[in-house]
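The structure appears right after this line, and notes come after that.
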Amino acid sequence: AFGTIFGYYIIMEAAFGKTLGKFVTGTKVVTENGDKPTTGAIVGRTLCRLIPFEAFSLLGSKAVGWHDSIPGTRVIRDR
């Protein structure tokens, strides 16, 4: 199950910049410069989700999770 979940995130975000949830919400993953992220950045973003208490990183004033700040990615509107 673990590999399936991480495989899903890596494959979907590397290929499309989006997961199914991002298709529904009209958002996508980009680099801090607005470019398409590398596969390495997507793998890093996915692995950062394993950091204990990572969800609390969204509580700061910038509200950018560690899974985005560490690999240098952002989620933006895509509509």
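The values are calculated or read from the model by the stated rules, or taken from the named source; none is laboratory data. Values in this document were obtained by computation on a predicted structure and should not be read as measured data. Positions of Cβ are backbone-derived with ideal geometry, glycine not excepted, and every protein chain shown enters the neighbour counts. When the accessible area is computed, the model is the full protein with side chains, heavy atoms only, and any ligands, DNA or RNA have been set aside. Shrake-Rupley method; radii C 1.70, N 1.55, O 1.52, S 1.80 Å.
Overview of values
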| item | result |
| --- | --- |
| Which numbered condition T38 misses (of (1) within 11 Å of the chain's Cα centre (by Cα); (2) modelled with pLDDT of 95 or more) | (1) |
| Cβ pairs under 9 Å, 6+ apart, first in the range 5-23 and under 15 Å from I76 (Cα atoms), second among the hydrophobic types (A, V, I, L, M, F, W, C) and outside any helix (DSSP H, G or I) | E13/V29; G17/V29; G17/V30; K18/V29; T19/V29; K22/V29; K22/V75 |
| Positions within the range 61-79 being exposed (fewer than 14 other Cβ atoms within 10 Å of the Cβ) and not basic (K, R), in sequence order | S61, A63, I76 |
| Condition broken by A63, with the remaining ones in (1) at positive phi; (2) assigned to a helix (DSSP H, G or I) satisfied | (2) |
| Members of the range 22-60 that are open to solvent by 40 Å² or more (accessible area, probe 1.4 Å) and part of a helix (DSSP H, G or I) | F23, V24, T25, T39, G40, V43, L47, A55, F56, L58, L59 |
| Condition check for E13: surrounded by 14 or more Cβ atoms within 10 Å (Cβ to Cβ) and touching a strand residue (DSSP E or B) at 6+ places or on another chain (Cβ under 6 Å) | yes |
